[in-house]
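Structure provided below as structure tokens; questions to follow.
The values are calculated or read from the model by the stated rules, or taken from the named source; none is laboratory data. None of these values were measured; they are calculated from a predicted model. No Cβ is skipped: glycine too gets one built from the backbone with ideal geometry, and neighbour counts run over all protein chains shown. Side chains are part of the model used for accessible areas, which takes the heavy atoms of the whole protein and leaves out ligands, DNA and RNA. Shrake-Rupley method; radii C 1.70, N 1.55, O 1.52, S 1.80 Å.
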Amino acid sequence: TGWGACSAAVKMGIPHVQFFHGSDIHDMRFKNRGSYEKTRSLIEASDICFFVSGALQSLSESKFGKACNSFIAPNGIDTEIFRVLPKKKQKKLKATVGYIGRFERIKGVDYLPAILDMIRKARSEIHFEFVLVGEGSLRKSVEEQLQFSKINHVSTGFVDQKRLAVVMNGLDVLLVPSRNEGWGSVILESIACGTPIVATKVGGTAEAIGNSYNGILVEPGDSFIERFAQAAIELLENRRDPELLAQYANQFTWENVVNREISIIREVLKFD
């Protein structure tokens with residue numbers, strides 16, 4: 001949509017502000033030279049470019065050069081929906097681990113069967129519940145592997161935001177094993193619900209998690225699955241205070257995010 005909107009704005013002589021959220025920069029479609037050139041032209045012609053994370057901004061600059069006016073604008077969260085709900089007291093020997101996102105390779109869902117298997121084997125005395133939320137081309141494959149390994153799980157498909165917040169509140173740990181991530185809205189939403197994160201240290205995940213109390217970042221590379229599973233176990237053994245997690249996430253309300261964006265646009269474009 002940016003390609004068309006920017007072209008129209010240039011012809012009409014009006015300012016154009018472009019937002020980049022992840023796959024529009026790091027997706028492999030840029031093997032197509034035409035797409036690459038259109039995006040480069042979009043960045044050059046836009047009066048302001050907002051990038052969802054510093055990591056995405058740096059990646060864009062390495063691919064396409066610096067924008068005229070470039071700023072970081074993270075995604076916000078609806079704290080009326082994503083918040084800590086009253087929880088039932090859980091038994092010590094029970095844990096719920098989840099994945100929420102698209103079932104695509106870039107999200108690392110193909111790692112999940114091995115990761116979940118390692119978690120349950122490492123702590124065999126604990127009764128685990130594994131919850132998967134989302135759709136995508138790899139959903140059936142992942143579910144079949146889990147069934148083959150006799151890993152008890154619930155796979156819900158897509159759910160609306162209110163239901164998603166309930167699911168997040170019921171988790172002890174959320175897994176985000178992505179191969180790339182512009183920001184990771186699910187990270188902040190989960191933290192707002194009082195649930196810590198294990199995520200691959202790629203793209204903007206470090207910026208979304210913010211600090212080591214909110215979760216653990218795992219470097220990609222050798223023994224990734226083993227290290228990722230161990231990080232999840234560490235969070236299960238060292239539980240976080242849900243209210244402290246939520247305090248961090250609450251600074252990213254949509255009101256705060258949008259007000260900052262409006263302020264930048266007014267200042268750069270000289271709007272009253």
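Please pick out the residue among R260, R227, R240 that is open to solvent by 90 Å² or more (accessible area, probe 1.4 Å) and either aromatic (F, W, Y) or on the phi < 0 side of the Ramachandran plot (or both).
Sole residue among the options that is open to solvent by 90 Å² or more (accessible area, probe 1.4 Å) and either aromatic (F, W, Y) or on the phi < 0 side of the Ramachandran plot (or both): R260.
Same structure, new question: List every residue pair whose Cβ atoms lie under 6 Å apart, where the two residues are 6 or more positions apart in sequence or sit on different chains, the first residue falls within the range 117-139 and is among the acidic types (D, E), and the second residue, located anywhere, is surrounded by 17 or more Cβ atoms within 10 Å (Cβ to Cβ).
Close Cβ pairs satisfying both conditions: E129/T96.
I want to confirm something. Restricting to the range 152-166 and keeping residues that are of a type in the set (A, V, I, L, M, F, W, C) and within 25 Å of H21 (Cα to Cα), which single residue is surrounded by the most Cβ atoms within 10 Å (Cβ to Cβ)?
Among them, the one singled out is A165.
Still on this structure: Do you know which of the residues in the range 172-188 that are crowded, with 22+ Cβ neighbours inside 10 Å and more than 9 Å from the chain's Cα centre (by Cα) is farthest from E104 (Cα to Cα)?
Top of the filtered list is V173.
Same structure, new question: For residues in the range 7-27 being farther than 22 Å from N75 by Cβ and assigned to a helix (DSSP H, G or I), which is least open to solvent (accessible area, probe 1.4 Å)?
Among residues in the range 7-27 that are farther than 22 Å from N75 by Cβ and assigned to a helix (DSSP H, G or I), the one least open to solvent (accessible area, probe 1.4 Å) is A9.
Is it the case that the range 123-141 has a residue that's under 18 Å from G215 (Cα atoms) and either open to solvent by less than 20 Å² (accessible area, probe 1.4 Å) or not in a helix (DSSP H, G or I) (or both)?
No - not one qualifying residue is present in the range 123-141.
For the range 51-68, give me each residue that is among the small types (G, A, S), part of a loop (DSSP other than H, G, I, E, B) and under 26 Å from G210 (Cβ atoms).
S53, A67
Exactly one condition in (1) among the hydrophobic types (A, V, I, L, M, F, W, C); (2) more than 25 Å from L217 (Cα to Cα); (3) touching a Leu at 6+ places or on another chain (Cβ under 8 Å) is not met by F158; state its number.
Tallying (1) among the hydrophobic types (A, V, I, L, M, F, W, C); (2) more than 25 Å from L217 (Cα to Cα); (3) touching a Leu at 6+ places or on another chain (Cβ under 8 Å), F158 fails exactly one: (3).
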